[in-house]
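Student: Once you've had a glance at the structure underneath, I'll fire off some questions.
The values are calculated or read from the model by the stated rules, or taken from the named source; none is laboratory data. Being a predicted model, the structure only gives us computed values, none of them experimental. Here the Cβ is made from the backbone with ideal geometry for all residues, glycine too, and neighbour counts use every protein chain on show.
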Amino acid sequence: MFSITTKSMGIALTAAVAAGLALNVSTASAYSLTKTGKPGFVGTPVTQGWSGDGGNAVMSFPGRWVKRSPGYRGKQRVTVVERIFRWNRIWKKWDFVRKGTMTTTLSPGTATWMNAYTVPIATIGEDLMSVDVTAVWRRAGNGRRIGTAYFNYNAVGDYQCLSAASNWTSCEPFFSYDAGAAGLFFSGAY
């Protein structure tokens, strides 16, 4: 017989939750992609969301692989920008909420793993949150652009909720005909 202390249980629980989140990441497949120049590869995991404490929505761009562009043999600087938007039902437009920016330099023959970007967002009753991702490859020496890839996550299959309704907020992937796009829909307690 063995026992687990509260401290150990917290560590084990944290590890189990982290492992569970890592296993729950699937690939988005319905996004729109626009390329210019000769971009490299950027992973496209689904954007995840869940209900946070006190009614906050939590949005997460899981970690992703970034690979070099075939358009230049020297060192490359790659910048990935992940943006979150909220649908404004009154003005019928997308309002910018927040962004995460990550930059890395890739030597020939390398790729890199970019960590997740996760943020809580205060919800306003009912909110539809949508995202896009832009990656830009440049020559490390002179900054000359090699290529760009723009991913518009605009379909239900591009999103995943990791929690059902909580005491404060519910989350579900949702397509809005009014907004003309999909996102994560967060609604207040009912």
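Student: Somewhere in the stretch 69-78, is a residue within 30 Å of residue 49 (Cβ to Cβ), β-branched (Val, Ile, Thr), surrounded by 15 or more Cβ atoms within 10 Å (Cβ to Cβ) and touching a residue at least 60 places away in the same chain (Cβ under 8 Å)?
Tutor: Looking for residues that are within 30 Å of residue 49 (Cβ to Cβ), β-branched (Val, Ile, Thr), surrounded by 15 or more Cβ atoms within 10 Å (Cβ to Cβ) and touching a residue at least 60 places away in the same chain (Cβ under 8 Å), one finds at least one in the stretch 69-78, hence yes.
Student: To continue, here is another question. If I go through the stretch 68-86 residue by residue, how many of them are under 22 Å from residue 111 (Cβ atoms), in contact with a Phe, Trp or Tyr (Cβ under 7 Å, 6 or more places away or on another chain) and not in a loop (DSSP other than H, G, I, E, B)?
Tutor: Here the count works out to 3.
Student: Which residue, of 178, 132, is assigned to a strand (DSSP E or B) and closer than 24 Å to residue 32 by Cα?
Tutor: Being assigned to a strand (DSSP E or B) and closer than 24 Å to residue 32 by Cα holds for just one of 178, 132, which is 132.
Student: Can you tell me which of (1) under 19 Å from the mean Cα position of the chain (by Cα); (2) modelled with pLDDT of 95 or more is the one residue 119 doesn't meet?
Tutor: Exception for residue 119: condition (2).
Student: Looking at 81, 58 in this structure, which one is touching a Pro at 6+ places or on another chain (Cβ under 6 Å) and either modelled with pLDDT of 95 or more or among the β-branched types (Val, Ile, Thr) (or both)?
Tutor: From the options 81, 58, the qualifying one is 58.
Student: In the stretch 31-67, which residue that is within 13 Å of the chain's Cα centre (by Cα) and assigned to a loop (DSSP other than H, G, I, E, B) is surrounded by the fewest Cβ atoms within 10 Å (Cβ to Cβ)?
Tutor: My answer is 63.
Student: Another one. For the stretch 122-167: of the residues being polar (S, T, N, Q) and buried (at least 16 other Cβ atoms within 10 Å of the Cβ), which is modelled with the lowest pLDDT?
Tutor: Ranking the candidates gives 123 first.
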